[in-house]
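The values are calculated or read from the model by the stated rules, or taken from the named source; none is laboratory data. Predicted model only: the values in this text are computed from it and were never measured. FYI the Cβ positions are ideal-geometry reconstructions off the backbone, even for glycines, and counts take in every protein chain you see. Just so you know, the surface numbers come from the protein's heavy atoms only, side chains and all, with ligands and any DNA or RNA stripped out. Shrake-Rupley method; radii C 1.70, N 1.55, O 1.52, S 1.80 Å.
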Amino acid sequence: MFGNRLGTIYGMKMIAYAMNKPFSFTCGMAEGESPLGASFLTQLNSGVPGPVPHRNGERFTPTELCERFCAGFYCTWYSNDLDFAVDAMIADWKFLASPEVVSISDYDDAVIHLRLGDGLYSTAGDNEGKGVFPHATYINLLKQAEKEKGTISSIGIVTAPFKGSHLRNPDRAYTSLSEGIALDLIRALQLAFPTAEIRLHNDPDDTIIGSLARILHASKVAVCGCSTFCPYALLATDGIGYMYNPAGFQNLWVRNAASWSNGNFRLFDTPMLNGLMIANEKTGYSMPETEVFRWIREQDPAVGNIDM
């Protein structure tokens, strides 16, 4: 829910900035949520007015923003118009990933955000929008980045922990598969980039903000898969930022952002083996793990729509 709430925050924040007002809020927590996440979110408060919302230089008034944000889906990650907030997002996340906030010393040249867990199953006969990609997708994107940015010497994989108290209960049945997929990707990356150091970042004590800082500080390239929180850091990344964004419902605003923001923020599409296909708990069907691994190892990633 972290990424979904960011959309709400930025929708309201843009209305405040259009009025030349500072923006502040507090966080209420649902059962089971961590106060740590709420404390990070409140750092998006601003004591002074921020940049005027705009799209490609065209500025918008408070009335115009209210008409856009308050009609239909209000201030959410699936609004087309959150790209008005790109300047504020970049400024915010550069601060949130700064050494004053996040103390990390081992940033990587390349970072992959690998969503596993809830992308590997469906509880209600849906979940077509989350899943896993072919290994070749990541390899191709990193190879392209090497052509533009030079040799990649370290690759970090950011993913949820496979054990510990922070695991979501529904994900616990899939931790073995999650770990297997992550380790299989590491092997594939090591073969493709034999001189690079491959590192898995998923300690149970890692935070979402720490993961986003790794994405932002990837010096050459960062790749984000199915995520509503990943685009915010990816917009501000030090290198090339590749965002999975097929035609569909999720993160509609990033298409507008990619069309006019700097050329380092790019979209890609690729085949996806989704949670409904892997384990449909409603019907009891589960794809054999051997077939899951065959797919991620052998599936052709060439479906077009890779903006290189």
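Scanning residues 5 or more positions from Arg199 or on other chains, those with amide H under 5 Å from its amide H are Ile155, Gly156, Ile157, with H placed 1.01 Å from N in the peptide plane. Sorted largest first by accessible area at a 1.4 angstrom probe radius, with every protein chain in place, the residues Lys220, Lys143, Lys21 fall in the order Lys21, Lys143, Lys220. Potential lengthening of the chain between Glu197 and Ser165 amounts to 8.6 nm, from the contour at 0.36 nm per residue minus the alpha-carbon distance.
Within the accessible surface of the chain, defined with a 1.4 Å probe on protein heavy atoms only, the carbon and sulfur portion equals 52 percent. Projecting label points 7 angstrom from Cα along Cα→Cβ for Asp106 and Thr61 puts them 5.5 nm apart. Close amide H pairs (under 5 Å, H built 1.01 Å from N) link Phe265 with Gly241, residues at least 5 positions away or on another chain.
Calculated accessible area for the chain comes out at 44 Å² per residue, all protein chains present (probe 1.4 Å; ligands, DNA, RNA ignored). The Rg/Rh ratio for the range 36-183, using Cα coordinates for both the radius of gyration and the Kirkwood hydrodynamic radius, is 1.01. Estimated from the Cβ-Cβ distance and a Förster radius of 45 angstrom, the FRET efficiency linking Val48 and Ile186 is about 0.50. Measuring only protein heavy atoms, the 1.4 Å probe finds Thr195 accessible over about 120 Å². For His166, the solvent-accessible surface with a 1.4 Å probe is about 120 Å², rounded to the nearest 10.
Compactness of the range 120-173, taken as the C-alpha radius of gyration over 2.2 N^0.38 Å, stands at 1.61.
Sites listed here are chymotrypsin sites (Phe, Trp or Tyr not before Pro) in the range 200-251 whose DSSP assignment is loop and whose Cβ has at most 10 other Cβ atoms within 10 Å: Phe249. When the square roots of the Cα gyration tensor eigenvalues are ordered a ≥ b ≥ c, the ratio a/c for the range 174-308 is 1.5 or more and a/b exceeds b/c, which makes its shape prolate. Between Ser153 and Lys94, the contour length at 0.36 nm per residue exceeds the alpha carbon distance by 18.9 nm.
Taking the Cα centre of the chain as reference, the dipole from Cβ charges on Lys and Arg (+1) and Asp and Glu (-1) amounts to some 320 debye. Sorting Lys149, Lys130, Lys13 by solvent-accessible area of protein heavy atoms yields Lys149, Lys130, Lys13, largest first, with a 1.4 Å probe. Each pair of Cα atoms in the chain enters the Kirkwood radius, and Stokes-Einstein at 25 °C and 0.890 mPa s then converts it into a translational diffusion coefficient of 122 µm²/s.
With 26 Å as the limit on Cα-Cα distance, the pairs of Lys130/Lys163; Lys163/Lys220; Lys94/Lys220; Lys94/Lys149; Lys13/Lys220; Lys130/Lys282 that go past it are Lys163/Lys220; Lys13/Lys220. Of Ile186, Ile155, the order by accessible heavy-atom surface (1.4 Å probe, DNA, RNA and ligands excluded), from most exposed downward, is Ile186, Ile155.
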